[in-house]
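Have a look at the structure below before the remarks.
The values are calculated or read from the model by the stated rules, or taken from the named source; none is laboratory data. Small disclaimer: the values here were computed from a predicted structure and weren't measured. Don't worry about glycine lacking a Cβ; one is built from the backbone with ideal geometry, like all the others, and counts go over all protein chains shown.
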Amino acid sequence: MLEMRKDIFADERDDDLREVGRPTQRQDILGHVTGTSAYYDDHHFANLLHLKVLRSPHPHARIRSIDDAAAARAPGVKRIIRGADVPVNLNTLLSLIQFGKDDEPSLATETVRYRGEPILAVVATSERAARQALELVRISYDPLPAVFDVEDALKPGAVSVNPVYPKNTFDYHRKYDHQKLRFGDVEAAFAKADMVFEERYQMSPIEHAPTETNGSIAVPDTNGRFTVYTSTQALFFSLDTSAKINAMPSNQLHFIGGTVGGGFGGKVDTLTEPLAILAARLTGAPVRYRLSRHEEMQFGSPRGAERIYIKDGVMRDGRIVARKVRAYFDSGAYTRLSSYAVVKCVAHIPGPYTIPNVHGDVYCVFTNRTPATAMRGFGVTALDFALECQMDKDAVAIGMDPLEFRVLNAYRDGDMKAHRRVAKNCALIECAQVAAERAHWPLRDEFRRMSSRKGGGEARAEAVADRTLKPAPPGAPRTPASSSQRAAYERPPADAKSPASPARDMPSPAAPPPSGSTHGVRRFSSIFGTRRR
Amino acid sequence: MKTPIQLRLNGEDVATFADGGANLLDVLRYSVGDLTVKGGCWQGTCGTCTVLVDGAPRLACVTLAESCSGNSVETVAGLRRGADLHPLQTAFMEHFAAQCGYCTPGMLMAAKALLDRNPNPTREDVVDAICGNICRCTGYEPIIAAILDAARKDARRSA
């Protein structure tokens with residue numbers, strides 16, 4: 001039977017886990033088993049038009065010319081849409097929270113930067129008519145050299161993928177080409193460590209492959225508004241993105257969603273709604289833009305591939321004295337959400353362990369691959385995989401039990417984390433002890449007696465100065481323990497004067513840049529979830 | 001060129017005209033209006049659109065509608081027994097065998113085809129019956145448990 005250890009999790013949550021271990025029913029299950037749950041495509045309209053998109057066959061090419069005259073005359077074709085028809089043909093998803101620069105067109109005009117990039121849309125009376133018309137479009141390309149590897153993309157002279165970020169790296173705090181974490185002095189600690197281990201980890205991109213592909217139907221209303229039925233996982237996020245791209249006030253859009261045929265992060269990118277709305281505006285008719293399975297696999301954004309290097313300095317007694325992480329996130333040709341995945345990754349270094357010297361450099365890198373996006377713990381999942389593999393390797397190499405090795409290094413209450421936040425309500429040691437007991441995994445007595453409440457704080461509570469950064473001016477506030485757990489760009493502008501001071505030895509993040517648009521500034525959505533504390 | 005198509009759909013006679021070459025999925029959804037049938041890949045690979053034609057599971061997206069004219073077609077819309085849910089539906093509810101629900105109609109029909117011809121299936125029979133149906137949310141274990149449970153309860157009720 002599962003129990004909630006109230007002594008450890010007292011102020012974490014109130015429930016007593018009565019639901020765990022017992023069957024329960026979803027509130028929407030009756031609709032699911034009777035086939036009556038209404039997904040976006042279960043809304044039908046007379047005279048529905050169908051939108052299909054012509055996609056780049058090249059990973060990188062200049063578009064020399066587009067000839068769509070024959071397609072425009074093809075049977076059933078109502079409208080051809082090109083990049084010039086899109087009111088705001090450059091966007092980045094997180095512009096809604098003023099993070100990053102607009103870098104992705106809805107329809108490419110001069111250059112295509114990944115295979116599958118949309119170039120032109122046909123709106124026709126049937127999907128078949130739209131597909132047949134697409135075959136009549138003639139595009140002449142000058143193929144360009146392409147780059148597919150994150151480290152190749154950072155080499156001098158590498159192909160520049162995205163002109164908004166010519167060096168193939170996202171801009172952090174408007175001055176860094178990657179996100180940093182600095183705590184103590186890893187190089188000095190490596191020099192003193194008994195052993196140093198370095199490993200390389202490579203993750204693959206993963207397609208979410210929901211059984212329902214991405215899609216939406218935009219329906220013109222009589223009052224100038226548009227009702228949009230959509231498969232999105234992020235309803236208001238998609239609404240604001242669509243409003244921005246179509247240069248229309250968001251109160252002209254009525255989004256209906258919520259019943260989604262599988263998402264897992266693959267339905268937050270607003271892939272279809274802006275063009276469906278634009279097509280409905282241009283034709284005055286309801287328009288459906290539904291990805292085929294092939295499009296979902298080729299063009300639907302996957303989990304990004306990460307390459308992670310970890311270097312650990314370990315003492316013979318099992319203490320990890322230094323950890324250096326260097327990672328490259330493959331964002332594909334445009335930013336989408338990889339920029340944010342990097343921030344999450346850095347916030348997770350060095351894992352739930354108290355290590356006095358930590359160094360992190362994580363890059364969001366542009367390549368000529370399909371843009372990557374959210375997927376189930378993105379940013380953290382891959383790092384955790386790498387870190388825990390590394391923990392096992394470290395433990396084996398120094399001849400220590402892997403679980404005892406983790407217990408020894410786990411956060412204790414009062415410890416200073418590498419991010420200069422004090423660890424509290426720690427429970428990794430207790431979880432490991434319970435897991436060991438249940439699995440009949442032998443832990444030695446001294447490890448069974450260890451506690452998250454004992455041995456933390458004191459010397460372990462010191463925020464170690466980073467000697468590579470300028471010292472704080474005299475009288476600067478001490479490291480705040482928990483005054484602000486949010487990154488600067490996640491704060492709405494009204495909070496800019498918040499009394500929370502930047503941590504002592506940290507470079508202060510730049511204030512959010514002023515934005516030309518006020519779309520959705522305060523309305524940011526659910527994709528990042530809620531923070532517990 | 002439109003082709004007349006007559007079906008016995010869930011015990012009722014329906015008739016419609018369809019485009020030549022139309023697949024059964026589109027005809028059921030758009031001509032007949034049975035939206036309980038879902039499309040997932042439109043290329044016969046995911047099982048989402050599984051319906052029963054004369055009792056046998058068929059992938060509606062790659063079944064020529066004309067070829068079913070005069071046949072009996074069953075979908076989830078006809079699964080209830082009067083006002084009561086089918087034992088499979090109840091079991092799916094009790095076992096949390098659906099999360100997003102999109103693969104559920106196809107899963108239920110594949111399972112029904114199995115139970116109709118084999119009321120006492122083994123776990124292997126169940127796995128074999130749904131091996132062409134992809135679920136991306138719940139994993140397959142709750143679905144297998146639900147189908148086995150439905151078979152047990154149905155057997156007890158008929159006994």
Filtering segment A:69-83 down to residues that are surrounded by 21 or more Cβ atoms within 10 Å (Cβ to Cβ) and under 29 Å from residue A:332 (Cβ atoms) yields A:71, A:80, A:81
Scan segment A:426-450 residue by residue and report those that are surrounded by fewer than 15 Cβ atoms within 10 Å (Cβ to Cβ) and part of a loop (DSSP other than H, G, I, E, B).
A:439, A:440, A:441, A:442, A:444, A:449
Residue under question is residue A:311, and the condition is that it be surrounded by fewer than 24 Cβ atoms within 10 Å (Cβ to Cβ) and in contact with a Lys or Arg (Cβ under 7 Å, 6 or more places away or on another chain); does it hold?
yes
From the options A:167, A:155, A:180, residue that is touching a residue at least 24 places away in the same chain (Cβ under 8 Å) and among the basic types (Lys, Arg):
A:180
Single match in B:63, B:75, B:122, B:90 (criterion: closer than 21 Å to residue B:22 by Cβ, modelled with pLDDT of 95 or more, of a type in the set (Ser, Thr, Tyr) and out of contact with any Asp or Glu (no Cβ under 8 Å at 6 or more places or on another chain)):
B:63
Please note which helices (runs of 4 or more DSSP H) are completely contained in segment B:71-159 and include at least 3 residues that are at the interface with another protein chain (Cβ under 9 Å from one of its Cβ atoms) and within 19 Å of residue B:38 (Cβ to Cβ).
B:87-94, B:104-117
Within segment A:382-418, the residues that are in contact (Cβ under 8 Å) with a residue 24 or more places away in the chain and of a type in the set (Val, Ile, Thr) are A:398, A:407
With the requirement that a residue be within 7 Å of another protein chain (Cβ to nearest Cβ) and either on the phi > 0 side of the Ramachandran plot or of a type in the set (D, E, K, R) (or both), what does segment A:29-44 give you?
A:35, A:42
Residue B:52 vs (1) under 17 Å from residue B:131 (Cα atoms); (2) in a helix (DSSP H, G or I); (3) of a type in the set (A, V, I, L, M, F, W, C): all pass except (2)
Quick one: is residue A:361 of a type in the set (Asp, Glu), under 30 Å from residue A:121 (Cα atoms) and more than 14 Å from chain B (Cβ to nearest Cβ)?
no
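Residue-by-condition table, conditions (1) acidic (Asp, Glu); (2) crowded, with 23+ Cβ neighbours inside 10 Å; (3) touching a Phe, Trp or Tyr at 6+ places or on another chain (Cβ under 7 Å):
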residue: A:214; (1), (2), (3): no, yes, no
residue: A:224; (1), (2), (3): no, no, no
residue: A:240; (1), (2), (3): yes, yes, no
residue: A:248; (1), (2), (3): no, no, no
residue: A:252; (1), (2), (3): no, no, yes
residue: A:264; (1), (2), (3): no, no, no
residue: A:269; (1), (2), (3): yes, yes, no
Given the conditions (1) closer than 30 Å to residue B:21 by Cβ; (2) free of Cβ contacts under 8 Å to residues at least 40 places away in the same chain; (3) out of contact with any strand residue (DSSP E or B) (no Cβ under 6 Å at 6 or more places or on another chain); (4) of a type in the set (A, V, I, L, M, F, W, C), which single one is not true for residue B:85?
(1)
Tell me which residues, restricted to segment A:252-301, are closer than 20 Å to residue A:46 by Cα and either assigned to a strand (DSSP E or B) or not assigned by TED's automatic domain parsing to the domain that holds residue A:106 (or both).
A:254, A:255, A:256, A:287, A:288, A:289, A:290
Of the residues that make up segment A:202-210, is at least one of a type in the set (Asp, Glu) and either within 28 Å of residue A:459 (Cβ to Cβ) or surrounded by fewer than 20 Cβ atoms within 10 Å (Cβ to Cβ) (or both)?
yes
Assuming residue A:171 fulfils every condition listed in (1) touching a Leu at 6+ places or on another chain (Cβ under 9 Å); (2) not assigned by TED's automatic domain parsing to the domain that holds residue A:290 apart from one, which condition is it?
(1)
Assess whether residue A:207 counts as being touching a residue at least 60 places away in the same chain (Cβ under 8 Å) and either more than 28 Å from residue A:54 (Cβ to Cβ) or of a type in the set (Ser, Thr, Tyr) (or both).
no
Within segment A:297-321, can you find the residues that are basic (Lys, Arg), in contact with an Asp or Glu (Cβ under 8 Å, 6 or more places away or on another chain) and farther than 27 Å from residue A:340 by Cβ?
A:316
How do the pairs read when you match residues in segment B:114-141 that are in contact (Cβ under 8 Å) with a residue 40 or more places away in the chain and more than 17 Å from residue B:74 (Cβ to Cβ) with residues anywhere that are of a type in the set (S, T, N, Q) and surrounded by 12 or more Cβ atoms within 10 Å (Cβ to Cβ), using Cβ under 7 Å and keeping only pairs 6 or more apart or on different chains?
B:134/A:211; B:138/B:99
Could you go through segment B:35-52 and let me know if any residue there is more than 11 Å from chain A (Cβ to nearest Cβ) and surrounded by fewer than 23 Cβ atoms within 10 Å (Cβ to Cβ).
yes
